[in-house]
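What follows is a set of notes on a single structure, which appears directly below.
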Amino acid sequence: MNDQTAFVHRPASWHPPEEIKVEQVVEDLMRVQGKGFTQKGLSRFAANTGVKKKYFVQSLHEAGRHRTYEDLNDLAVEWVQKMTVTTARQALQNAGLRAEDVNIFITFHLTGQMVPGLADVTAPEIGLRSDVITIPTTELGCAGGAHALALAARLAPHHGPVLVAGAEVASTTYQLERDRGKDHKAFKIIFGDGAASAVVTPDRPEGDSFEIVDSWQELLPNSSHYYGSSFRSDGQGFDGSSDALGGVAQVVPRLPWLAQDDWKPEFGLLHPGSLQIVEETAARTRLPAGSYEWAKEVLAEVGAFGGPTLLKVMQRAFAAPPRPDAEGLVVAFAPGFRAEASRVIWRPSAARAGAYGAA
C-alpha cells in the first residue's frame, strides 16, 4: 500500500485486423476437440464466457496449424513490438507529452520471449531518451496492466512521467491439436491479441484522468498451479486448474479496504478474464449493479488479451465515465494466484465536470 497519488491519462489501445467470431472458434473446437461436447453445448459454454468476437494477428486456420516454438515466438515478438510502439505513441499524444518527457518506461507481456527485452527494443523507436529507466515484466499475465499502473503511481511522484505499455499475441498459444481440457477450451474462446498503453504523471492534468490513491497486491499461498504457461517444442500454451476460479473468492476478501465500514466503491475497472470472473469480483467487492459494464463490453467486443485488457477497460471508462470525483476500484488477477488492485478516483476536466453539473 502507498500514500502517494498519481494520475492516469487516457489510455490508447490497438488490435490486429483479423476478426475472429466466437462461432468460428466453436466450429474449430468441434472439428478437432468435439469429443464429449455437442455443438449446442459447446456454443452455450462459449456464450457463458461473455465473448462475442476478438482479434488475432493471424487467421484462425493459421493459429490452429502445428508449428515450432521458434516460428510462433518469432511471430509474437514481431507483433508485440509493433503494437507496443503504436499504442505508446498514441498514449503520449493523449497525455500531451513528448517522448523525451518520459522518465520511466514499464512494459508487460507474456507472449514473445526476447532478449534484449521489449522495453529496450521499443524505447528508441518510440523516441524515449537513452537514459530512460526501463522496467520490463514478463510473468504477470492478465494482471500486467494493473501491476504496471500501481507501480507507476508509486514512482511518478518521485521521478516524473511514467509510460506503461503492454501487448499480447495470445493467438500463438491457441494450440488446437495439443491442449484439449475444458479449461483450455475456455482459453481458446476468450483469449485474443492486442495492446494498450497509458501515461502516469504526478500532477493532475487539465484533461480527464483517474487518480490512483492507493494500491495493493496479494499472492495466495500454494496457488501456483491455478494458472500458468507451458513451453514446449511446438509452442507456448496456457494451462489452468479447476481450483482457479475459486481463487477470486479466496483473495478478494483480503482486500484491506473492504474492512473499512465507510468505504464502498462506486464503480469498478475490472479485468475481464471471463464473465464469471467479472461478476464474482463485482459481487465480492460490493460494486453497485451497472457500475462495471465497461469490462463486459470489452470482453464481448475484443475478448481478453492479457494485461493490456485492463487499460482497454479504463479507456472505455474515459468515454463513458462515472460522476465527477467518484471513487472506484481497479482489480486484476494473474498466475500465481496473484491479485492486483488499486483505489482510484475519477477526476474529469473542468469542462466535463461543468457539463455534468449543468446536466
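The values are calculated or read from the model by the stated rules, or taken from the named source; none is laboratory data. Remember, predicted model here, so these are calculated numbers, not experimental data. No Cβ is skipped: glycine too gets one built from the backbone with ideal geometry, and neighbour counts run over all protein chains shown. The area values use the complete protein model at the heavy-atom level, side chains included, leaving out ligands, DNA and RNA. Shrake-Rupley method; radii C 1.70, N 1.55, O 1.52, S 1.80 Å.
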Given the options Ala148, Ala167, name the one that is in contact with a strand residue (DSSP E or B) (Cβ under 6 Å, 6 or more places away or on another chain) and within 19 Å of Glu78 (Cβ to Cβ). Ala167
Could you look through the range 278-299, keep only residues that are open to solvent by 20 Å² or more (accessible area, probe 1.4 Å) and not in a loop (DSSP other than H, G, I, E, B), and pick out the one that is nearest to His15 (Cα to Cα)? Glu297
Hey, Glu177 more than 21 Å from Asp214 (Cα to Cα) and in a strand (DSSP E or B) or not: no
Looking only at the range 1-40, how many residues end up being in a loop (DSSP other than H, G, I, E, B) and basic (Lys, Arg)? 2
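Select, from Leu270, Leu275, Leu287, the only residue that is under 14 Å from the mean Cα position of the chain (by Cα) and of a type outside the set (Val, Ile, Thr). Steps first, please.
On the way: Leu275 fails: under 14 Å from the mean Cα position of the chain (by Cα); Leu287 fails: under 14 Å from the mean Cα position of the chain (by Cα).
Exactly one residue qualifies, and that residue is Leu270.
Tell me which residues, restricted to the range 154-171, are assigned to a strand (DSSP E or B) and more than 20 Å from Glu100 (Cα to Cα).
Narrowing the range 154-171 to residues assigned to a strand (DSSP E or B): 162-169.
Across the range 154-171, the qualifying residues are Ala167, Glu168, Val169.
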Take the conditions closer than 19 Å to Ile189 by Cβ and among the acidic types (Asp, Glu) and apply them to Glu279. Does it pass? yes
Among all residue pairs at least 6 apart or on different chains, which show Cβ distances below 6 Å where the first residue, located in the range 309-336, is closer than 30 Å to Tyr226 by Cβ and the second is surrounded by fewer than 20 Cβ atoms within 10 Å (Cβ to Cβ) and modelled with pLDDT under 95? Pro335/Gly228; Gly336/Leu219
Find the residue count for the range 199-246, including only residues that are within 30 Å of Arg98 (Cα to Cα) and assigned to a loop (DSSP other than H, G, I, E, B). 7
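Take the range 79-101 and flag every residue that is among the hydroxyl-bearing types (Ser, Thr, Tyr) and open to solvent by 10 Å² or more (accessible area, probe 1.4 Å).
In the first step, residues of the range 79-101 are kept if they are among the hydroxyl-bearing types (Ser, Thr, Tyr); the result is 84, 86-87.
Passing the criteria: only Thr86.
Select from the range 312-327 the residues that are more than 15 Å from Arg10 (Cα to Cα) and either part of a strand (DSSP E or B) or open to solvent by less than 10 Å² (accessible area, probe 1.4 Å) (or both) and list them in ascending order. If you could, list the steps in order and put the result at the bottom.
As a first pass, look at the range 312-327 and keep what is more than 15 Å from Arg10 (Cα to Cα): 323-327.
Matches in the range 312-327: Ala326, Glu327.
Residue by residue, here is whether (1) touching a strand residue (DSSP E or B) at 6+ places or on another chain (Cβ under 8 Å); (2) closer than 19 Å to Leu275 by Cα holds:
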{"site": "Thr5", "(1), (2)": "yes, no"}
{"site": "His9", "(1), (2)": "yes, no"}
{"site": "Pro16", "(1), (2)": "yes, no"}
{"site": "Val22", "(1), (2)": "yes, yes"}
{"site": "Met30", "(1), (2)": "no, no"}
{"site": "Lys35", "(1), (2)": "no, no"}
{"site": "Gln39", "(1), (2)": "no, no"}
{"site": "Leu42", "(1), (2)": "no, yes"}
Within the range 29-57, track down each residue that is closer than 23 Å to Asp71 by Cα, modelled with pLDDT of 95 or more and surrounded by fewer than 20 Cβ atoms within 10 Å (Cβ to Cβ). Tyr55
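Mind counting the residues in the range 247-277 that are part of a loop (DSSP other than H, G, I, E, B) and open to solvent by 40 Å² or more (accessible area, probe 1.4 Å)? Let's see the steps before the verdict.
Let us first name the residues in the range 247-277 that are part of a loop (DSSP other than H, G, I, E, B), namely 255, 260-266, 271-274.
From what is left, the residues that are open to solvent by 40 Å² or more (accessible area, probe 1.4 Å) are 260-262, 264, 266.
Looking only at that region, the number is 5.
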Among the residues that make up the range 138-153, is at least one of them at pLDDT below 95, open to solvent by 50 Å² or more (accessible area, probe 1.4 Å) and not in a helix (DSSP H, G or I)? yes
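Select from the range 110-127 the residues that are part of a helix (DSSP H, G or I) and in contact with a strand residue (DSSP E or B) (Cβ under 7 Å, 6 or more places away or on another chain) and write down the one among them that is most open to solvent (accessible area, probe 1.4 Å).
Residues of the range 110-127 part of a helix (DSSP H, G or I): 118-126.
From the residues that got through so far, the ones that are in contact with a strand residue (DSSP E or B) (Cβ under 7 Å, 6 or more places away or on another chain) too are 118-120, 123.
Working: Leu118: 2, Ala119: 1, Asp120: 87, Ala123: 8 Å².
Across the range 110-127, the extreme among qualifying residues is Asp120.
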Out of Val85, Val80, I need the residue that is part of a helix (DSSP H, G or I), of a type in the set (A, V, I, L, M, F, W, C), within 20 Å of the chain's Cα centre (by Cα) and closer than 30 Å to Ser349 by Cβ. Which one? Val85
Any residue at all in the range 173-195 that is acidic (Asp, Glu), under 19 Å from Asp74 (Cβ atoms) and open to solvent by less than 10 Å² (accessible area, probe 1.4 Å)? yes
Do the conditions hold for Val330, that is, is it at pLDDT 95 or above, more than 19 Å from Gly166 (Cα to Cα), of a type outside the set (Gly, Ala, Ser) and assigned to a strand (DSSP E or B)? no
Based on what the data block shows, is Ser209 of a type in the set (Ser, Thr, Tyr), surrounded by 23 or more Cβ atoms within 10 Å (Cβ to Cβ) and at negative phi? yes
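Only residues that are within 30 Å of Asp239 (Cβ to Cβ) and either among the hydrophobic types (A, V, I, L, M, F, W, C) or modelled with pLDDT of 95 or more (or both): list them for the range 333-349, please. Before the answer, list the steps.
From the range 333-349, those within 30 Å of Asp239 (Cβ to Cβ) are 333-342; that's our starting set.
If the condition is that a residue be within 30 Å of Asp239 (Cβ to Cβ) and either among the hydrophobic types (A, V, I, L, M, F, W, C) or modelled with pLDDT of 95 or more (or both), then Phe333, Ala334, Phe337, Ala339, Glu340, Ala341, Ser342 are the ones that fit.
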